[in-house]
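Worksheet: the structure to be examined is printed underneath.
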Amino acid sequence: MNKLIITAAITGAEVTREQQPHLPLTPEEIAEEALACYKAGASIIHVHARTPEGDPTQDIAVYRAIKQAIEEKCPVIIQPTTGGAVRNTAEQRMQPLTLNPEMATLSCGTCNFGEEVFMNSMPFMVGLAEEMLKRQIKPELEVFERGMIENAKALNKKGLLKAPMHFDLVLGVPGACPGTIEDLLYMVKQLPEGATWTVAGIGRYQLPLTTMAILLGGHVRVGFEDNIYFEKGVLARSNADFVKRIVTLSKTLGREIASVDETREMLGIKSI
Ligand code: KMH
Ligand code: ZN
């Protein structure tokens, strides 16, 4: 079977220190956590920036500091968010692209997001895809609902997304698609031929969905952005603990882990 790509989504925009005391917030903390995840087997680090107070920010200076700090520590693929936080403006969300990262996220539609609405109009998605194409940034297509796969196909039809497309099926967000095994199987079936995919299961969905992804030949995202508990009622001590568990599980099930360069090759990422 193909090797497993592990993404660590180590901070996110919503989780707080009150909820998860080990949440990395500053560029230095984020870089330390990235290093621990890289050593454990992650090849992609999904990044959200925070202010020193812990609020989500799309400030380019903070993203630059995070990128520099991670690059000094380890050679992982840095994947900043363009989803940001639900209240960010379109301009704020585009900011991280100006750093020309190897990858970035591209959310493929609008959905409820807990008590809020996560807005992604087609014109905004077109703008993101154009910018990424121009800068040769590999998009990870964030899909929270079934119809978003069709939006991604429409962007591909417009010539804005190159094949093979890479999807992240984010399942279990309150207000969007649930994260049952059935949901995962159904979503995977709708993906375009040749696409690669990873799964991000929210909260209690993380372990069953990532296990299924290992078995199905997909890839895996873990980390505090999606889940703060290592087991029921027990907070994880580090993002790296999730990565280590996936590595053990994957090897037990007969799948080796992709290195950073193997990940680049599998996803067709230009190396910088
Ligand atoms: N924080 C969510 C509203 C992404 O990183 O691209 C959006 C999100 C998706 O996290
Ligand atoms: Zn994110």
- request: Quick one: which residues, 5+ away or cross-chain, put their amide H under 5 Å from the amide H of H219? H built at 1.01 Å from N.
  value: W197, T198, V199
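Given the -39500 (n - 2.57) contribution per DSSP H run of 4+ residues, what per-residue ellipticity at 222 nm results for the chain, rounded to the nearest 500 deg cm²/dmol?
Value at 222 nm, helices only: -11500 deg cm²/dmol.
Could you grab the Rg to Rh ratio for the range 143-241? Cα atoms only, Kirkwood for Rh.
On the Cα set of the range 143-241, Rg over Rh gives 1.01.
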statement: What one gets for the range 57-184 as the Kirkwood radius, inverse of mean 1/r over different Cα pairs in Å, is 15.2 Å
- request: For a quick protection proxy, order the peptides 113-120, 132-139, 46-53 by their average other-Cβ count within 10 Å, most packed first.
  value: 46-53, 132-139, 113-120
Pairs from K134/K157; K67/K232; K158/K270; K153/K244; K67/K153 whose Cα-Cα separation, in the structure shown, is over 27 Å: K67/K232; K153/K244; K67/K153
query: To the nearest Å, what is the center-to-center distance of the range 226-272 and the range 115-161, using C-alpha atoms only?
result: 25 Å
message: So with the 1.4 Å probe, I'd like the accessible area per residue for the range 190-244, rounded to whole Å².
response: 40 Å²
statement: Computed over the chain, the distribution of all Cα-Cα distances in 10 Å bins, rounded to whole %, is 7, 33, 41, 18, 1
- prompt: Of the accessible area of the chain, with the probe set at 1.4 angstrom, what percent is carbon plus sulfur?
  reply: 53 percent
- request: Give the value in nm², to one decimal: projected area of the alpha carbon convex hull of the range 143-195, averaged over all directions.
  value: 3.5 nm²
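The values are calculated or read from the model by the stated rules, or taken from the named source; none is laboratory data. Note that the structure is a prediction, hence the values are computed from the model and not measured. A quick note on method: Cβ atoms are made from the backbone with ideal geometry, for glycine too, and the neighbour counts reach across all protein chains shown. For the accessible areas, the whole protein counts, side chains as well, though only heavy atoms, and no ligand, DNA or RNA atoms are used. Shrake-Rupley method; radii C 1.70, N 1.55, O 1.52, S 1.80 Å.
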